[in-house]
Every structure is written in C-alpha cells, then in structure tokens.
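Participant: Could you have a look at this structure, given as structure tokens, before my questions?
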Amino acid sequence: MRRFYPLLFVFLWSTGFIGAKYGLPYAEPLSFLLTRYGLVIGLMLLIALASRAPWPDTPAQWLHIGVSGLLVHAVYLGGVFVAIKHGLPAGVTALVVGMQPLLTGALSGCLLGERVSGRQWGGLALGFVGVGLVVSGKVDEAAFGAMLWPALIALLGITAGTLYQKRYCARFDLRTGSVIQFVPSALLTGVAVAAGDGYHVEWTGDFLFALGWLVLVLSIGAIGLLNLLIRSGSAVNVASLFYLTPPTTALIAWAVFGEILSSTAIVGMVLAVGGVWLVARPAQ
C-alpha cells in the first residue's frame with residue numbers, strides 16, 4: 001500500500017490549484033488561508049485529544065515543527081494564493097514552484113549530506129524540461145513583473161520547508177504535529193490580514209466547497225502524506241514528485257473544465273514522469 005503513497009500525494013496536491021480556482025473569486029487569498037488554517041487546527045486538535053496522541057517532549061521539537069509549518073504552509077501557500085489571485089496564471093505559478101526539485105537537489109548535499117547521483121541530476125533536469133513544456137503555452141500569456149515575486153517566495157518556502165523538516169524534525173506524530181505546524185501559520189497569516197485590507201470572504205456555495213476540499217483533502221490528507229514521505233524518503237526523491245503536479249493538474253483541468261491538452265503538453269507529461277522515475281528508482 002505504501003508504494004502508492006507518492007502517486008496519491010501527487011493527485012491530492014494537484015487538486016489544490018483546482019480548489020483555489022473555485023474559491024479565490026469569493027475571498028482574499030490570505031483571508032481564505034486564515035479560514036482554512038483555523039478549521040484545520042480545530043479539527044486536528046479534536047482528533048489529537050480524542051486519540052490521546054503524543055505531543056513533542058522538548059521545546060526544541062515544538063520550535064522545529066512550528067518553523068517547518070511556517071515555511072510549508074504560510075510561506076508556500078501564501079505565495080501561491082496571492083500570485084493566482086492577482087493575475088499570475090496557475091500554469092506559470094506551477095512552473096515556478098516546479099523548480100523546487102532542482103533547488104532541493106542543489107542544496108540537499110551541503111545541508112543534509114545526501115548524495116545526488118548523475119542519474120538523479122539527469123532525471124531532475126528531464127523533469128524540469130517536461131514541466132516547462134506542459135505550461136509553455138501559458139507563459140506568453142502571463143503578466144510577469146510584480147505578480148511573479150509571490151510565486152518565487154512560494155518556491156523558496158516549500159524548498160526550505162522540505163529541507164528543514166528533513167533535517168530537524170523528520171519524525172513527529174502527524175496529529176499533534178499538524179496542530180503545531182498550522183498554529184504559527186495561522187498567527188502569521190492573521191497578522192498579515194490585519195495589517196492589510198482586513199478579512200474578506202463571501203460565503204457562497206462554491207467557496208464552501210473549495211474550503212471543505214482544501215481543509216479535508218489538502219491540509220489533512222495531502223500534508224499528512226507529505227510528512228510521511230519526508231520521514232521515509234530522501235529530500236531529493238520527495239521533491240521530484242512536485243514535477244508531476246503541473247501535468248497532473250492539467251489532466252484534472254481537462255477532465256473537470258474541458259481544457260484541451262496540446263501535443264506539446266502531452267510530451268511534457270511523459271518527460272516529467274520519466275524524470276521522476278530516474279530520480280526515484282533504486283540504484284543498481
């Protein structure tokens with residue numbers, strides 16, 4: 001069963017862009033995320049207390065888990081949601097965040113002591129080319145400039161969060177750990193909301209559906225799987241899975257919204273899958 005976790009993670013993570021498309025027209029991005037974080041904290045706290053899940057033993061463990069949560073949730077999701085809300089196409093956002101495996105591969109050696117083989121570097125490069133082909137038709141439509149920086153911040157957040165968690169807190173209880181990760185994310189996001197234009201949400205049916213999906217499927221399901229994958233695999237292997245997110249998102253958008261996939265995009269998907277296979281397959 002565990003061998004299917006990476007594929008399930010890719011599918012669930014990819015639906016985040018679909019959920020954002022449904023919900024962001026009815027809420028400011030940080031207000032959306034603050035609502036999402038609050039619901040996740042309440043739900044996971046109830047689960048943790050009801051199941052008597054263990055909490056970290058030392059203040060250092062609490063700190064490391066909280067910092068990893070700030071990077072993976074507040075910085076990454078905040079950047080993605082702000083970029084999409086203010087006009088950067090989801091495909092371009094996915095391409096920017098899709099640089100994470102290359103950045104992780106470049107840093108994992110010096111920070112984690114992980115050896116990245118020539119085959120894995122080749123797979124990372126092949127996957128990046130594939131991601132570029134998938135979203136290449138949307139790059140020309142993008143209004144870069146001011147709206148690119150939130151996506152770049154998101155890229156740095158998810159890369160730093162993966163490396164930090166792998167090094168300092170790879171193992172923790174997923175129930176209590178989720179609470180510890182999301183509380184500082186909610187506090188930081190709340191401060192940003194208060195310092196900005198305030199809290200703005202329209203409680204429409206589409207927004208409630210998107211919110212429920214992102215809370216239950218993404219924040220609990222996908223994040224739980226990500227924590228499991230970070231715990232059991234190398235940082236490079238886990239990061240390589242993010243190459244599959246833009247192609248998978250394109251397939252879901254085709255199925256849900258009827259968006260047509262070009263032949264170039266199909267070739268890109270094949271290359272991205274091949275790149276992940278090269279990175280993740282065991283050494284001979």
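Participant: Would you kindly derive the ³J(HN,Hα) couplings of region 152-164 from the backbone phi angles with the Karplus curve 6.51 cos²θ - 1.76 cosθ + 1.60 (θ = phi - 60°), listing them in order in whole Hz, with x for Gly and Pro?
Facilitator: Using θ = phi - 60°, the values come out as 5, 5, 4, 4, 5, x, 5, 5, 5, x, 5, 5, 5 Hz.
Participant: At 0.36 nm per residue, minus the direct Cα-Cα distance, what do Leu8 and Leu148 gain on full extension? Give it in nm, one decimal, please. Intermediate results must be reported in sequence, preceding the final value.
Facilitator: Details: separation 140, 0.36 × 140 = 50.40 nm, distance 2.90 nm.
Difference between extended and current length: 47.5 nm.
Participant: Ala255 versus Leu43, label points 7 Å from Cα toward the beta carbon: distance in nm?
Facilitator: 2.1 nm
Participant: Here's another thing I want to ask about it. So if R0 is 45 Å, what FRET efficiency would Ala194 and Val270 give, r being the distance between their Cβ atoms, rounded to the nearest 0.05?
Facilitator: Working: r = 47 Å, r/R0 = 1.04.
After rounding, the FRET efficiency stands at 0.45.
Participant: Still on this structure, please answer the following. What is the order of Glu202, Glu28, fewest Cβ neighbours within 10 Å to most? Let's see the in-between values first.
Facilitator: Details: Glu202 10, Glu28 19.
Fewest to most other Cβ atoms nearby, the residues stand as Glu202, Glu28.
Participant: On alpha carbon coordinates alone, what is the Rg over Rh value for region 12-66, Rh being the Kirkwood radius?
Facilitator: Numbers: Rg = 15.3 Å, Rh = 13.7 Å.
When Rh is taken as the Kirkwood radius, the ratio is 1.11.
Participant: State, to one decimal in nm, how far the label point of Asp206 lies from the label point of Leu156, with both points 7 Å from Cα in the Cβ direction.
Facilitator: Simple spin-label model gives 3.3 nm for this pair.
Each value in this text was obtained by applying a stated rule to the coordinates, not by laboratory testing. What you are looking at is a predicted structure, and each value in this text was computed from that prediction instead of being measured. Here Cβ is always computed from backbone atoms with ideal geometry, including for glycine, and neighbour counts include all displayed protein chains.
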